[in-house]
Every structure is written in structure tokens, then in C-alpha cells.
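Colleague: Can you read through this structure? Questions will come right after.
No lab work stands behind these numbers, since they all come straight from the coordinates. As the structure is a prediction and not an experimental result, all values here were calculated from the model. Note that we place each Cβ from the backbone using ideal geometry, even for glycine, and neighbour counts take in every protein chain shown.
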Amino acid sequence: MAQYGFYFDNTRCTGCRTCVMACKDYKDLPQNLTFRKVYDYEGGTWAAQDNGSYTTDCFSYHVSVACNHCQVPACLAACPQSAISKDAETGIVSIDEELCTGEASCVDACPYGAPLLDEERRKAIKCNLCAERIAEGASPVCVEACPLRALNFGEVEELRATYGTDAAIAPLPSADETYPSLVIKPCPAAKQPGDTAGKVANEKEILEVAAFVR
Ligand code: SF4
Ligand code: SF4
């Protein structure tokens, strides 16, 4: 079985949100729902030195993330309707809207906040890695849209062979939770999962999706 996943180059991302908006447009999502999110992660301080100068350890970087089509999908395990499946050929995790009853156990279970509840239709929805585009030989729309070429996709073992095996930086959770099909090239300032030196500066943007405020 192939396992497809995303690559994210943290050294290139400028936090422009083109990936977020391209996906939102392509998937025709409701106003307050986005399958892809961009975290602005910031921290550090300035310190006065005895000689009158200042030093700083301030840092700031962006993390673009969507569903990671995990090896051990917490969403799938949590769904009481068996509405979530992992494709045997591609490893893509998707939600069958016919089976979904909208009680959103997957929304609560996913450590990446990937599934969202479409309140109007009472259906959980999420990124399917643009499976329909991949089947036609095209890239996921976020990958195609990124002006910095910070996103890529492919068979995760090939991505790892090309880019390395990092799969988690703050504020993302440890990769040990769900074994995401994700490869990250960390920027020099990137912190480890669980880091307490920084904070998500755009928490309101991240949290004010319907999934978290229902
Ligand atoms: S489009 Fe590219 S550079 Fe812009 S936020 Fe998304 S991943 Fe980062
Ligand atoms: S990122 Fe979340 S929704 Fe996607 S497969 Fe993993 S646990 Fe499921």
C-alpha cells in the first residue's frame, strides 16, 4: 500500500494564507471553516546588558497544516458510526457523509483539529488530500497554490527519503500520538512539540472555526 501525505517547508512559509484560501475556494467551504490552518508561533524577549546594549531571543514562524492522513487516525477510532475510513491504496483518510451523523467525536479526537463540524448540514468534513485531483495526476490545490513552494505531497516514504523524517514542531503535537503522514523541514527557530517558550499568536483565528466553538 502506498501512503500519501504532505510535506511542509517551514523555512519557506511566509504565513500568507494562500494555501488556506485556495483550499477554501476549491472546496467551497462555509465562511468560518477552513481545512488548512496556518499557525503563527512567536516568543522570546529582549534583555538589557550591563554595557547598555540589548540582546534578544525573539522568534516567529508559521506552520501550515491540514489533515495528515495518519497511520493511527484518532478520528477513525473515535467515530461510533464507522463513517471514517483509510483507503487501502493511498492511505487517505476520508469521511463518508452518508454515514456521518454529526455528533463530532472525530472533531474532539483529532490532535490537529482537522475535522470540522458543518453546523448547517450536521456533517463532519475535512481535507481528503484532494484525492480526486491526485487520481487525475494533479496536485492538491494547496500545494499548487503556495507561492513560496512551501508545500508538496507524495508517497510519504519518498518524501522522507528526500526531506528527512521530522514530523512535528511546535505548536503541533508529538508525532507519537497518531503517526501523521507528514514531513516537515523545520526552520532554525522551530521549537519542539510541547514547547512553552512561545505561543500561538493567532489563537482567535485558529479557534474561531465552528469545530471548536459549537
Ligand atoms: S501558501 Fe505557502 S507560504 Fe503561504 S501560508 Fe501557505 S504554506 Fe505558507
Ligand atoms: S490529522 Fe486528524 S483527522 Fe486527519 S487522519 Fe490524523 S487524526 Fe484523523
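Colleague: All but one of (1) within 16 Å of ligand 1 (Cβ to nearest atom); (2) surrounded by fewer than 21 Cβ atoms within 10 Å (Cβ to Cβ) hold for Arg121; state the number of the condition that does not hold.
Modeller: With respect to (1) within 16 Å of ligand 1 (Cβ to nearest atom); (2) surrounded by fewer than 21 Cβ atoms within 10 Å (Cβ to Cβ), Arg121 is out only on (1).
Colleague: Filter the range 45-77 down to the residues that are away from ligand 1 (no atom under 16 Å from the Cβ) and surrounded by 13 or more Cβ atoms within 10 Å (Cβ to Cβ), then identify the one that is farthest from Ala114 (Cα to Cα).
Modeller: Going through the qualifying residues, I end up with Phe59.
Colleague: So for the range 42-55 (the condition being touching a residue at least 40 places away in the same chain (Cβ under 8 Å), touching an Asp or Glu at 6+ places or on another chain (Cβ under 9 Å) and either away from ligand 2 (no atom under 16 Å from the Cβ) or not hydrophobic (A, V, I, L, M, F, W, C) (or both)), does at least one residue qualify?
Modeller: Within the range 42-55, one or more residues are touching a residue at least 40 places away in the same chain (Cβ under 8 Å), touching an Asp or Glu at 6+ places or on another chain (Cβ under 9 Å) and either away from ligand 2 (no atom under 16 Å from the Cβ) or not hydrophobic (A, V, I, L, M, F, W, C) (or both).
Colleague: Hand me the list of strands (runs of 3 or more DSSP E) wholly inside the range 27-111 holding 3 or more residues that are over 20 Å from the mean Cα position of the chain (by Cα).
Modeller: By residue number, 46-48, 54-56.
Colleague: Does the range 97-130 hold any residues that are of a type in the set (Val, Ile, Thr), within 11 Å of Cys79 (Cβ to Cβ) and within 12 Å of ligand 2 (Cβ to nearest atom), and which are they?
Modeller: Val107
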